[in-house]
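Remarks on the structure that follows.
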Amino acid sequence: MPGEVRVRFAPSPTGLPHIGNIRTALFNWLFARHHGGKFIVRVEDTDQVRLVPGSIEAMLEGLRWLNIDWNEGPEVGGPYGPYFQSERLDVYQNLADRLVSQGNAYHCYCVQERPDQATRDRRASASADCKCRHLTQEQISKLKAGQDSKVIRFAMPEEGVTKVNDLIRGEVEWRNETLNDFIIMKSDGFPTYHLAVVADDNLMEISHVMRAEEWLPSTPRHLQIIEALGYEPPKFAHLPMIMGPDRAKLSKRHGATAIGEYQDEGYLPEAMCNFMVLLGWSLDDKTEIMSIQTIIDNFTLDRVTKSAAIFDQEKLLWMNGMYIREMTPDQLAGRMMPFLERDLPKDLLPVDEEYLRRIAPLLQERIKRLDEVAKQIDYFFRADEEFDTETLVQKGMDRDTTLSALKAALEDLNATDDFHHEKLEEMLNVTGERLSLSRRQFFGVLRVAATGRAVSPPLFEMMEVIGKDRTVSRFKNAVERFSAAG
RNA sequence: GGGGCGUUCGUCUAGCGGCCCAGGACACCGCCCUCUCAAGGCGGAGAUCAGGGGUUCAAAUCCCCUACGCCCUACCA
């Protein structure tokens with residue numbers, strides 16, 4: 001189907017998937033969905049040395065969590081497979097041989113160390129390193145006999161320019177003389193990225209190559225291979241990079257960077273997508289919270305930024321809070337459950353779903369991450385028997401007034417069976433006034449008695465949820481312990 | 001050293017020649033609401049649009065130069 005949009009996300013299994021990788025995947029996916037095209041995942045496992053077991057699983061898990069689905073790739077297969085480059089070695093070998101026979105590539109017999117920065121700085125010209133390009137037939141035969149390890153280099157044109165019309169950056173061009181003869185086949189029989197990416201993008205009929213900006217400098221190499229092979233070049237779009245707060249490329253030392261950490265910390269996938277898309281793309285001059293459908297509908301490359309963005313964890317947190325508040329209490333309860341099962345003391349499990357649904361609204365506007373729930377929710381399940389009873393005494397009160405306040409409240413609570421929060425408030429308000437205590441003082445005492453804490457959700461709504469039995473027994477306990485302590 | 005990309009409030013961004021002595025959002029500060037904490041509402045502070053030259057009646061927006069940042073310059077992707 002000519003003209004069909006086919007984009008790919010091509011991760012290398014060299015570590016845990018981080019925000020940068022995933023953001024690239026997101027943009028590709030959004031682009032595909034916007035155009036009704038295909039989103040393909042292809043695993044670029046051509047570096048056997050850096051391969052980290054489990055990274056692909058983590059990557060796919062991250063995509064699944066964010067609801068980024070792929071039309072072709074690992075697990076789902078597809079007509080252009082295999083989607084692992086390590087299973088396509090013959091393809092690259094044939095192409096490399098073809099390039100050699102065409103004169104676009106040559107065997108190199110040099111033994112070279114990886115040049116460090118100082119070496120690179122001293123280097124006079126890009127292709128001064130290797131002389132094998134101009135070897136005679138005779139020299140080649142001799143070297144071949146004496147050596148089994150060799151690589152294949154691409155023979156870059158020594159003059160002319162290579163241009164690309166990047167969909168985000170516009171016309172960019174390089175003088176070919178500034179580009180060196182890079183390696184396309186390694187001595188272990190695996191291709192380098194440059195050959196493999198060009199081969200597969202062509203074979204898989206990729207229409208748009210959308211990748212991070214760090215790839216822009218190698219685009220002329222890819223274009224040269226494409227030309228040598230007689231391929232039709234895809235469109236290119238180089239996405240802005242994501243940096244840490246210190247403006248350096250995002251890495252582990254910036255704290256949480258792996259997508260899985262965000263899942264574990266209780267970020268919502270919807271919030272995560274919304275936030276990540278705003279790193280380099282915007283809808284207009286004001287809209288920030290958007291449904292994924294709205295994003296898909298409006299996702300065009302002309303709204304992608306050119307400059308790198310710094311990952312701002314504070315804003316992500318804010319956005320996550322917004323998403324939490326937008327949920328219905330039932331949805332929230334459902335989302336909280338796995339975190340409670342993970343973090344709550346085992347003797348509090350299993351959590352009653354119905355009870356949790358009644359608790360959820362009280363926590364909803366007080367948390368920004370799902371993993372905060374376990375720390376805040378314990379007093380809904382059991383009384384804190386250890387709290388310091390001195391915290392019962394509010395500002396401007398003494399032990400006597402505190403004790404009588406407690407006793408009066410206990411009496412009230414004992415006497416009623418109507419635990420609707422409006423009724424409780426009405427009743428205790430009267431009692432507080434009778435005792436000449438401000439609401440702040442009186443309710444402050446009651447809060448500590450009910451929860452053992454100075455901070456909690458609204459008092460009466462909480463009592464309603466906790467219920468009469470638990471509330472009354474906590475007040476009894478508070479009275480006893482406070483009296484004893486005195 | 002060479003090559004490339006980028007540069008609007010601390011941060012994410014809007015802006016594609018006049019609507020901008022620059023708009024929104026996060027964070028920050030203040031006020032309001034209020035039983036605590038939040039949430040919410042209102043308001044404030046914060047950007048000589050990196051700097052300098054042009055072009056134009058008019059420039060954050062177009063052109064040139066400089067500075068700075070970042071990326072590439074690996075048998076890593």
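The values are calculated or read from the model by the stated rules, or taken from the named source; none is laboratory data. Values in this document were obtained by computation on a predicted structure and should not be read as measured data. Backbone-built Cβ (ideal geometry, glycine too); neighbour counts: all protein chains shown. Calculation scope for accessible area: heavy atoms of the full protein, side chains included, ligands and nucleic acids excluded. Shrake-Rupley method; radii C 1.70, N 1.55, O 1.52, S 1.80 Å.
Annotation for region A:376-433 versus region A:271-334: alpha-carbon center distance of 42 Å. Amide hydrogen proximity for residue A:235: with H placed 1.01 Å from N in the peptide plane, the residues at 5 or more positions away or on another chain lying under 5 Å are A:208, A:209.
Label positions at residue A:232 and residue A:407, each projected 7 Å from the Cα along the C-beta direction, are separated by 9.2 nm. Gain on full extension, evaluated as 0.36 nm per residue between residue A:141 and residue A:349 minus their Cα-Cα distance, stands at 67.4 nm. Rounded if a/c is under 1.5, else prolate if a/b beats b/c, else oblate: with a ≥ b ≥ c from the C-alpha gyration tensor eigenvalues square-rooted, which is region A:233-280? It is oblate, given that a/c is not under 1.5 and a/b is not larger than b/c. Quarter the surface of the alpha carbon convex hull of region A:153-226 and you get the mean projected area, 5.3 square nanometres. Between residue A:261 and residue A:165, the modelled label-to-label distance comes to 4.2 nm, taking each label 7 Å out from Cα in the direction of the beta carbon.
Taking 0.36 nm per residue of separation and subtracting the current Cα-Cα distance, fully stretching the chain between residue A:87 and residue A:326 would add 81.5 nm.
Of all beta bridges that DSSP places with both ends in chain A, some 55 percent have antiparallel geometry. Evaluate region A:172-295: find the radius of gyration of its Cα atoms, find its Kirkwood radius, and give the ratio Rg to Rh. Radius of gyration relative to Kirkwood radius: 1.05. Taking Cβ separations below 4.7 Å as the criterion for a possible disulfide partner, the isolated cysteines in chain A are A:110, A:130, A:273. For chain A, the dipole from Cβ point charges (+1 on Lys and Arg, -1 on Asp and Glu) about the Cα centre works out to 1240 debye, to the nearest 20. Rounded to the nearest 0.05, what FRET efficiency is calculated for residue A:476 and residue A:439 with R0 set to 30 Å and r the Cβ-Cβ distance? It comes out at approximately 0.80. Work out the FRET efficiency for residue A:341 and residue A:382 from their Cβ-Cβ distance, taking R0 = 25 Å, and round it to the nearest 0.05. The calculated FRET efficiency here is 0.90. One decimal place: the segment residue A:65-residue A:247 gains 62.7 nm when fully extended, by the rule 0.36 nm per residue minus the C-alpha distance.
In the complete set of protein chains, residue-level accessible area for residue A:303 is approximately 90 Å², probe 1.4 angstrom. Temperature 4 °C, viscosity 1.567 mPa s: under these conditions the Stokes-Einstein estimate for chain A, based on its Kirkwood radius over C-alpha pairs, is 47 µm² per second.
Carbon and sulfur: what percent of chain A's accessible surface (1.4 Å probe)? Kindly include the intermediate steps, with their values, before the conclusion.
On the way: 11670 of 23730 Å².
It is 49 percent, rounded to a whole number.
When the inverse distances between all different Cα atoms of region A:389-485 are averaged and flipped, the Kirkwood radius reads 13.0 angstrom. 3J(HN,Hα) couplings calculated from phi for region A:181-190 with the Karplus curve 6.51 cos²θ - 1.76 cosθ + 1.60 (θ = phi - 60°) are, in sequence order, 7, 6, 7, 10, 10, 8, 5, 8, x, 9 Hz; Gly and Pro show x. Report, by chain and number, residues whose modeled amide H sits under 5 Å from the one on residue A:265, excluding near sequence neighbours (fewer than 5 apart, same chain). Amide H neighbours of residue A:265, under 5 Å, 5+ apart: none. The amide H of residue A:184, built 1.01 Å from its N in the peptide plane, has A:152, A:153, A:154 as neighbours under 5 Å, considering only residues 5 or more places off or on other chains.
Taking the three principal axes of the alpha carbon atoms in region A:328-381, the coordinate ranges are 27, 21, 19 Å, sorted in descending order. Oblate is the label for region A:1-113, because a/c, from the alpha-carbon gyration tensor with a ≥ b ≥ c as root eigenvalues, is 1.5 or above and a/b does not exceed b/c.
Think of a 1.4 Å ball rolled over the protein heavy atoms: chain A then has 49 Å² of accessible area per residue. Restricting region A:219-295 to trypsin sites (Lys or Arg not before Pro) that sit in a DSSP loop and have at most 16 other Cβ atoms within 10 Å of their own Cβ leaves A:247, A:286.
Kirkwood radius and radius of gyration were both taken over the C-alpha atoms of region A:354-399, and their ratio Rg/Rh is 1.11.
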